[in-house]
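Report on the structure given below.
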Amino acid sequence: MMRRIVAVTVSMLVCMNWLSISHGCTVFYASNDKVALGGNNEDWHIPLTKLWFVPATAETHGVAYVTFSNHLAVQGGMNDQGLFFDFLAVKPLEVARSLDFERWNGHPLKIIMQRCATVDEAVRMFETHPRGFLKRCNVFLGDAKGNSAIIEGAAVRQKTGRFQVATNLRPSIVPHKKVTCRRYHIAHKMLADASEFDVPLFRRICSAVHQEGNNSTLYSTIYDLKHQVIYLYHFHNFENVVVLDLKKELAKGERILEMPDLFPPTFVFEQFQRTHNGK
């Protein structure tokens, strides 16, 4: 039981950058008859980023997680059914408890990714399990079927149009017209103006909303959910991309990769690493 508590706590600490809430992440999703894409900029100050591949079993889906220094701290990822997720830090808000809920038998998002293939399946699980761990963060979900949703501690906001964007706010409290976050509005406009959705567009959006400074964009992920392909960019360098076919990667067995090792070295990241206690 203690290991489960520690695992959930570590992951929540990573997603909850409450010391600088305005410098959080950007997550977005878009779909049409041809594509379903998820995009994410992970903005924080810990340079020790990793990829963790967990193959499927007879009872669970295979998953690729993006994590920080401790592999328990899963921050986002995609499974072999084309479901992706990512955490977003938000201002604290108490979550009501209910004795009617089933208890999570482990890390909530690991359970979701291992057991669910669609957003609808994940939402149903959230509706029957406690969401106290979402006191200081939201979860964004998107799938290969064309659906996405933002899960809050006390609300769910599902996609109603062609796309959905999330930054560090609760959409149940701050509707679109009242959002002041520039990252949100830049990403929203680029998606609204797009005649089609593709990976190059998502790369441009990630670039347009990336951050630098103490809370930099450590990595960016674009998930092709219909084909289970991950496009990975490191430390807001959008010239170099690592393309990962999830099925091929999972076939290699469970393993953890150091994200910086997958890319050519850059001076700016080495400087950031030295000043932020990286190795």
Practice prompt. Go through region 175-193 and count every residue that is basic (Lys, Arg) and either within 18 Å of residue 31 (Cα to Cα) or in contact (Cβ under 8 Å) with a residue 40 or more places away in the chain (or both).
Written response: 2
Fill in: Failed item, numbered, when residue 41 is tested on (1) surrounded by fewer than 23 Cβ atoms within 10 Å (Cβ to Cβ); (2) of a type in the set (S, T, N, Q); (3) under 23 Å from residue 165 (Cα atoms)
(1)
Worksheet entry | Yes/no for residue 41 being in contact with a strand residue (DSSP E or B) (Cβ under 6 Å, 6 or more places away or on another chain), over 13 Å from residue 73 (Cα atoms) and modelled with pLDDT under 50 | no
Worksheet, complete the sentence: Residue count, region 239-250, condition surrounded by 10 or more Cβ atoms within 10 Å (Cβ to Cβ), over 20 Å from the mean Cα position of the chain (by Cα) and not in a helix (DSSP H, G or I), comes to 1
Worksheet, complete the sentence: Inside region 44-65, the number of residues satisfying the requirement of being over 18 Å from residue 218 (Cβ atoms) and either at pLDDT below 95 or aromatic (Phe, Trp, Tyr) (or both) is 1
Item to complete: Please enumerate the residues belonging to region 80-113 that are touching a residue at least 60 places away in the same chain (Cβ under 8 Å), in contact with a His (Cβ under 9 Å, 6 or more places away or on another chain) and of a type outside the set (A, V, I, L, M, F, W, C).
Response: 80, 81, 82, 108
Worksheet item: For region 184-208, which residues satisfy the criterion of being in contact with a Lys or Arg (Cβ under 9 Å, 6 or more places away or on another chain) and either among the aliphatic types (A, V, I, L, M) or at positive phi (or both)?
Response: 190, 191, 192, 194, 208
Practice prompt. Out of the residues in region 53-62 that are β-branched (Val, Ile, Thr) and part of a loop (DSSP other than H, G, I, E, B), state the one that is surrounded by the most Cβ atoms within 10 Å (Cβ to Cβ).
Written response: 60
Worksheet item: In region 72-86, is there at least one residue being charged (D, E, K, R), under 15 Å from the mean Cα position of the chain (by Cα) and surrounded by fewer than 23 Cβ atoms within 10 Å (Cβ to Cβ)?
Response: no
Practice prompt. Please work out which one of (1) surrounded by 15 or more Cβ atoms within 10 Å (Cβ to Cβ); (2) over 28 Å from residue 91 (Cα atoms); (3) in contact (Cβ under 8 Å) with a residue 60 or more places away in the chain is the condition residue 196 fails and give its number.
Written response: (1)
Worksheet entry | Exclusive hit being touching a strand residue (DSSP E or B) at 6+ places or on another chain (Cβ under 9 Å), more than 30 Å from residue 192 (Cβ to Cβ) and not in a loop (DSSP other than H, G, I, E, B), set 65, 29 | 65
Discussion item. Can you find a residue that is touching a His at 6+ places or on another chain (Cβ under 7 Å), crowded, with 20+ Cβ neighbours inside 10 Å, modelled with pLDDT of 95 or more and not hydroxyl-bearing (Ser, Thr, Tyr) anywhere in region 251-268?
Written reply: yes
Worksheet item: Is it the case that residue 209 is among the hydrophobic types (A, V, I, L, M, F, W, C), in contact with a helix residue (DSSP H, G or I) (Cβ under 7 Å, 6 or more places away or on another chain) and surrounded by 21 or more Cβ atoms within 10 Å (Cβ to Cβ)?
Response: yes
Discussion item. Going by what's in this entry, would residue 226 be described as within 18 Å of the chain's Cα centre (by Cα) and farther than 19 Å from residue 41 by Cα?
Written reply: yes
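The values are calculated or read from the model by the stated rules, or taken from the named source; none is laboratory data. All values reported here derive from a predicted model rather than from experimental measurement. Counting neighbours? That spans all protein chains shown, and the Cβs are built from the backbone with ideal geometry, glycine included.
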